[in-house]
Amino acid sequence: MSAVLKNIGIIGAGQMGCGIAHVSAAAGYKVHIYDLSQDRIESGLATINGNFARQVTNGKMTDEERSAALSRITGSADVNDLAPSDLVIEAATEDENVKRKIYTQVCPVLKPEAILATNTSSLSITRLAAATDRPERFMGIHFMNPVPVMKLVELVRGIATEETTFSAAREFVASLEKTVTVAEDFPAFIVNRILLPMINEAIYTLYEGVGTVDAIDTAMKLGANHPMGPLQLADFIGLDTCLSIMQVLHDGLADSKYRPCPLLVKYVEAGWLGRKSGRGFYDYRGETPVPTR
């Protein structure tokens, strides 16, 4: 555990928020999850419980460790319950207006020395920090999905982030047994700056009829040794998230090579967002996923 941070607050009981809560509680931190919906909190806690149970089955933790970790996690729909937090990580939807609104509600509740971090995968840390009352104690701590499995965390400083904030965040991430990579505050940082244009190019390859969904994913799995094909990965990430990151890259870097593929836009407009909605480049409503093109 970090010498400085003891209580971790998480904003958002979705996939990312619950993953961060999972690894933080397993590392010995007290964790509080805040979300507007009590139902989402209950559902998130059930997911965390299931993921811990799987780790027990796989021999990665004992049943006693699972019980102890679960006992360290609480959740509520009352923002005031974040008050004891030493570090609060916002893991809300990838929408700058939503995040700014959250900071307006959360900042007055936090103690002055508390660090506020965002799990954004693409947005400007400097710009988000400016929407808070503590830009020097604000930074990006970007976990990869699924959090309990993925070893990497991108740390991103805004222009105002103090060294003590960065050091505390680095120590926290190390205590979770994750590997830190430091990225500068440019659109989409390192991983998504490289990954999302590749996914977008795969969608263009499909759009232009160069290959089918199956051909493209098989080609990249067996031809480039990727564990998952780019279209399968897009469905896993969520096509709405893929589109929003491409738009951030396109707007932020003003280069036509980042133009979102029209087919990606069409799928998002149809509500075909990938696994979470049942359909994307694959249809997940049957026994096994079937390509939709």
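The values are calculated or read from the model by the stated rules, or taken from the named source; none is laboratory data. Here the structure is a predicted model, which is why all the values come from computation and not from measurement. Backbone-built Cβ (ideal geometry, glycine too); neighbour counts: all protein chains shown.
Hey, could you check region 26-41 for residues that are in contact (Cβ under 8 Å) with a residue 24 or more places away in the chain and part of a helix (DSSP H, G or I) and say which is surrounded by the most Cβ atoms within 10 Å (Cβ to Cβ)? It comes out as ALA26. Summed over region 52-101, the residues that are part of a helix (DSSP H, G or I), among the charged types (D, E, K, R) and within 28 Å of GLY140 (Cα to Cα) give a count of 5. Any residue at all in region 168-178 that is out of contact with any helix residue (DSSP H, G or I) (no Cβ under 8 Å at 6 or more places or on another chain), of a type in the set (Val, Ile, Thr) and at negative phi? Scanning region 168-178, I find at least one residue that is out of contact with any helix residue (DSSP H, G or I) (no Cβ under 8 Å at 6 or more places or on another chain), of a type in the set (Val, Ile, Thr) and at negative phi, so the answer is yes. Taken over region 43-67, the criterion of being more than 19 Å from the chain's Cα centre (by Cα) and β-branched (Val, Ile, Thr) is satisfied by VAL56, THR57, THR62.
If I filter region 129-143 for residues that are modelled with pLDDT of 95 or more, assigned to a helix (DSSP H, G or I) and either out of contact with any helix residue (DSSP H, G or I) (no Cβ under 6 Å at 6 or more places or on another chain) or outside the structural domain of GLY14 (by TED's automatic domain parsing) (or both), do I get at least one hit? Within region 129-143, one or more residues are modelled with pLDDT of 95 or more, assigned to a helix (DSSP H, G or I) and either out of contact with any helix residue (DSSP H, G or I) (no Cβ under 6 Å at 6 or more places or on another chain) or outside the structural domain of GLY14 (by TED's automatic domain parsing) (or both). Checking each residue in region 250-293 for being within 20 Å of ASP217 (Cβ to Cβ) and among the β-branched types (Val, Ile, Thr) picks out VAL268, THR288, VAL290, THR292. Please find, within region 161-202, the residue that is surrounded by the most Cβ atoms within 10 Å (Cβ to Cβ) out of those that are hydroxyl-bearing (Ser, Thr, Tyr) and either part of a loop (DSSP other than H, G, I, E, B) or free of Cβ contacts under 8 Å to residues at least 40 places away in the same chain (or both). Result: THR161.
Put simply, of ALA13, ALA21 the only residue that is buried (at least 23 other Cβ atoms within 10 Å of the Cβ), assigned to a loop (DSSP other than H, G, I, E, B) and under 18 Å from the mean Cα position of the chain (by Cα) is ALA13.
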